[in-house]
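Report on one structure; see the data block that follows.
The values are calculated or read from the model by the stated rules, or taken from the named source; none is laboratory data. Note that this is a predicted model, so its numbers are computed, not measured. Neighbour counts are summed over all protein chains in view; Cβ atoms, including those assigned to glycine, are modelled from backbone coordinates with ideal geometry. Side chains included, ligands, DNA and RNA excluded: accessible areas come from the protein's heavy atoms. Shrake-Rupley method; radii C 1.70, N 1.55, O 1.52, S 1.80 Å.
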Amino acid sequence: MLKNWLLYLLGLAGALVFHIYYFGWYSWFVLVLALALPWFSLVTSLLPMLRTRVWTDAPSSLTRGEAAYVTLRAGNGFLPQPCCRFRLTITAVMTGERRSLRQKTQSQGSWYVPLDTSHCGAYISRVEKARVYDYLGLFWLPVRRPAPVETVVLPTAREPRRLPNLSHFLVRRLKPKPGGGFSEEHELRDYRPGDSMREIHWKLSVKTDRTIVREAQEPVRGLTLLTFDLRGTPDRVDATLEELLWLSQWLLRHDTPHQILWIDPTDCQMATASMEREEDLQPLLGRLLRAPLRDDTPSIEGRSFPRATWRCHVSPQEDAP
């Protein structure tokens, strides 16, 4: 705006000098026109300036490495759009890094700002210092800022380089399977009223002259734990979350509910999440990716958990130089 005022004042000075040294009638006309020009611009621009709005949009979630853009739109409906300036700030919640971009538009349309998705995390895009100017760029009015938009960049499951023993889990005991049905493990007992006729072991019942029932059993597993540290560089956090996601999905697909434990950087207290099905992973990832990282977050690796019968601490191996 300062540049526009300097250009206008330079033109006004030229009109004044022209009026002083030239006595023709139109020198006065040029001077009056130069004096009235800013106010004429303001009057003709006032309605589109008051109607100008700025909109922002961005994908709510996507996977790491996927292309994404923050969409910006400015317009007032049907009138010619005056110049609109604003600053777009993109903040990474986990690291606190901020990227500011100054935007300028003189037409109604959409603009696309690429979003960095090289690391996992939540990113908040907000418009700041939005202003709309008259057609000459001499006066401005503030524009109501749109609500910030959040984009969550999710990790992709990646198999660890060093796999823990995933083939055996300790089974403390067996219990009757609710509803019966097929099972590799079963227990023989006498018939009780209410038992299904399909569960009767006919051959053994004939031999023993008693009604014997084959009761399906299912294993009762001990406590299964996955632990990890939510700290370190963005690259290490990405690798940790990718391996954690793979291991948790593997356990759930093999009918093994488990718990995930970590030290929450927000308050440095132990946090836990129970995983019963794969849908439980989405709220957990949303919680982790919105946590601000801290250098003083303690490690959970050295802590013991006597109640756990199987535990795996997710610690990705560093890439060789």
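Antiparallel as a % of all DSSP beta bridges within the chain, to the nearest 5?
Working: 54 of 66 bridges.
Looking only at bridges with both residues in the chain, the antiparallel portion is about 80 percent.
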Item checked: Computed magnitude of the charge dipole of the chain (debye, nearest 20; Cβ of K, R +1, Cβ of D, E -1) -> 820
Checklist line | GNM top mover of T272, T91, T211 - the chain, alpha-carbon springs below 10 Å | finding: T211
Next item on the list: Please report, in cubic angstrom per residue, the volume enclosed by the convex hull of the alpha-carbon atoms of the range 244-292.
Entry: 62
Item checked: Part-to-part distance (alpha-carbon centres) for the range 250-321 and the range 1-57, which is given in Å -> 64
Checklist line | With DNA, RNA and ligands ignored, accessible area of H313 (1.4 Å probe; Å², nearest 10) | finding: 40
Check: With every protein chain kept in the model, how would you rank H19, H258 by accessible area, 1.4 Å probe, largest at the top?
Finding: H19, H258
Checklist line | Heavy-atom SASA rank of E199, E159 (probe 1.4 Å, accessible area, largest first) | finding: E159, E199
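Sum up the charges of everything whose Cβ sits under 11 Å from the Cβ of T227, counting Lys and Arg as +1 and Asp and Glu as -1, but leave T227 out.
Numbers: positive: R303, R311; negative: D229, E301.
Once positives and negatives cancel, what remains is 0.
Can you count the Lys pairs in the chain with C-alpha separation below 23 Å, eight or more apart or on different chains? Let's see the in-between values first.
On the way: K3/K104; K3/K129; K104/K129; K177/K203.
So the count of such lysine pairs works out to 4.
Among 283-291, 148-156, 296-304, how do they line up from the highest to the lowest mean number of other beta-carbon atoms within 10 Å?
Working: 283-291: 16.9, 148-156: 18.9, 296-304: 12.0.
Top to bottom by mean Cβ count within 10 Å: 148-156, 283-291, 296-304.
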Margin query: If I build a Gaussian network model for the chain, linking alpha-carbon pairs within less than 10 angstrom, which residue out of M270, M49, M94 has the largest mean-square fluctuation?
Written below: M270
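Once you order the gyration tensor axes a ≥ b ≥ c over the Cα atoms, which shape class does the range 237-321 get: rounded for a/c under 1.5, otherwise prolate or oblate by comparing a/b with b/c? Intermediate values should be presented prior to the final figure.
Working: a/c = 1.31, a/b = 1.27, b/c = 1.03.
The shape class here is rounded.
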Next item on the list: State the answer as a single residue: which of L37, G232, Y135 lies farthest towards the positive end of the charge dipole of the chain, with beta carbon charges of +1 for Lys and Arg and -1 for Asp and Glu, about the Cα centre.
Entry: L37
Margin query: Report the per residue volume, in Å³, of the convex hull enclosing the C-alpha atoms of the chain.
Written below: 221
Next item on the list: Using only the alpha-carbon atoms of the range 29-144, report the extent along each of the three principal axes, biggest first, to the nearest angstrom.
Entry: 64, 26, 20
Notebook entry, point to check: Rg (Å, one decimal) plus Dmax (Å, integer) for the alpha carbons of the range 73-125?
Noted result: 14.1, 42
Checklist line | Which of Q81, P316, P146, positive extreme of dipole for the chain (C-beta unit charges) | finding: Q81
Next item on the list: With springs connecting C-alpha atoms under 10 Å apart, model the chain as a Gaussian network and identify which of P234, P59, P38 has the largest mean-square fluctuation.
Entry: P38
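May I ask you to rank W25, W140, W250 by accessible area, largest first, using a 1.4 Å probe over the protein chains only?
In descending accessible area the options line up as W25, W140, W250.
Which percent of the accessible area of the chain is formed by carbon and sulfur heavy atoms (probe 1.4 angstrom)?
Working: 10820 of 19380 Å².
Here it works out to 56 percent.
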Next item on the list: Report the accessible area of K3, computed with a 1.4 Å probe over the heavy atoms of all protein chains in place, in Å² rounded to the nearest 10.
Entry: 150
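For the range 217-300, report the accessible area per residue in Å² (1.4 Å probe, heavy atoms, rounded to an integer).
Value returned for the range 217-300: 43 Å² of accessible area per residue.
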